[in-house]
Amino acid sequence: MNKGSKIILCCLVATFFSVVTYCQQPDLLKLVGDDVPTKEHVSNAFKSTRVINGQSMEFLGKGVLDFRILHRFGLINEGVTNFYGFDEAKMRIGLDYGLTRNIMFGVGRSTLGKELDGFLKIRPVWQSKGPGSFPVSIIIVSSMTLDPTKSPPSDSLKFQFYSSRLSFYNALIIGRKFSERFSLQITPEMLHRNLVDSVKFSNDIYALGIGARFKLSKRVAFVVDYHHIFYGLQPGTYSDPLSVGFDIETGGHVFQLHFSNSQGMNERALLTQTTDKWGKGAIRFGFNLSRVFTVSKPHSANKKGNW
């Protein structure tokens with residue numbers, strides 16, 4: 001073997017061993033992958049999917065069913081004659097369901113006005129931490145309310161009659177969990193009523209909702225739910241709905257105790273039928289009770305961030 005052949009052979013052997021050695025090296029990116037920051041969604045901004053009356057930025061988990069009872073007593077300032085409101089009661093019973101982590105819907109019926117309601121809630125933007133994070137959550141809420149208390153004059157007019165008794169609510173919730181203790185959201189909202197009592201009234205109502213939660217302990221939080229009516233109701237006739245209360249978590253239940261000047265428990269009644277004023281002591285004691293059930297479990301666990 002001449003000198004040139006030996007050089008070529010040595011080069012081939014060196015190349016072979018270099019390739020083998022390279023193939024046996026571990027993937028350095030995999031070794032450091034656990035240290036690379038990942039996007040983490042923020043959860044538990046509110047303990048319930050409702051602040052008190054209005055929808056919150058919180059969602060049910062996928063496959064979770066929420067059986068919800070909203071209860072409102074009478075006016076406290078009516079005194080002992082009406083046992084400070086406890087002799088009178090209105091309620092709403094509803095079922096909410098988490099279709100995905102970012103979509104939920106629900107239906108309910110209120111004894112006040114015998115109204116039926118349903119809603120759809122979608123979260124296109126979820127507050128997160130880490131790379132590509134977003135500082136707030138953005139939620140779209142649409143609901144519909146039907147007043148079925150009266151019957152149509154004839155079968156031929158049934159569709160027109162019931163469609164006139166529909167109300168439509170649309171809102172955009174913008175919320176942020178600032179810390180483990182404090183969360184805040186604002187909600188531009190609009191309500192359209194197909195039928196009003198007089199030509200003096202507007203079919204469209206515009207309002208701004210504000211919801212806040214301040215955590216007092218591991219299982220108790222103070223909550224505020226306020227809605228300011230900007231347009232659509234005659235001044236001096238109606239009041240802005242204001243509710244304050246406490247969230248109490250007891251295992252699988254979330255129990256809300258609160259005081260409010262509103263008796264309405266759907267968006268139409270809340271925004272258009274609140275006539276009592278806090279300044280005159282015309283407030284009502286009430287509670288919301290939520291019990292969740294896992295109807296279907298997801299195939300793979302979804303990672304959710306917690307603060």
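The values are calculated or read from the model by the stated rules, or taken from the named source; none is laboratory data. This structure is a prediction, so every number in the text was calculated from the model and none was measured. Neighbour counts are summed over all protein chains in view; Cβ atoms, including those assigned to glycine, are modelled from backbone coordinates with ideal geometry.
Descriptive notes on the structure:
- Figure legend. Inter-residue proximity from segment 50-62: first residues under 15 Å from residue 94 (Cβ atoms), second residues assigned to a loop (DSSP other than H, G, I, E, B) and small (Gly, Ala, Ser), beta-carbon distance below 6 Å, spacing 6+ or different chains. Indicated pairs: 50/56.
- Members of segment 279-307 found to be modelled with pLDDT of 90 or more and outside any strand (DSSP E or B), listed by number: 283
- A single entry from 257, 233, 270, 242 fulfils the requirement of being hydrophobic (A, V, I, L, M, F, W, C) and modelled with pLDDT under 90: 233.
- Which listed residue is surrounded by fewer than 17 Cβ atoms within 10 Å (Cβ to Cβ), closer than 21 Å to residue 59 by Cβ, of a type outside the set (A, V, I, L, M) and without any contact (Cβ under 8 Å) to a residue 60 or more places away in the chain, from 228, 192, 253: 253
- Subset of segment 34-86 (residues that are farther than 29 Å from residue 282 by Cα, of a type outside the set (Val, Ile, Thr) and not in a loop (DSSP other than H, G, I, E, B)): 34, 35, 40, 41, 65, 66, 67
- Screening the candidates 63, 54 for the property of being in the same structural domain as residue 222 (by TED's automatic domain parsing) and farther than 24 Å from residue 226 by Cβ yields one hit, 63.
- Residue match in segment 268-290 (condition: surrounded by fewer than 18 Cβ atoms within 10 Å (Cβ to Cβ), among the charged types (D, E, K, R) and more than 19 Å from the chain's Cα centre (by Cα)): yes
- Selected residue (only one of 219, 213, 193, 284 is among the basic types (Lys, Arg), within 12 Å of residue 53 (Cβ to Cβ) and assigned by TED's automatic domain parsing to the domain that holds residue 115): 284
- Restricting segment 235-250 to residues that are out of contact with any strand residue (DSSP E or B) (no Cβ under 7 Å at 6 or more places or on another chain) and within 24 Å of residue 59 (Cα to Cα) leaves a set whose member that is surrounded by the most Cβ atoms within 10 Å (Cβ to Cβ) is 249.
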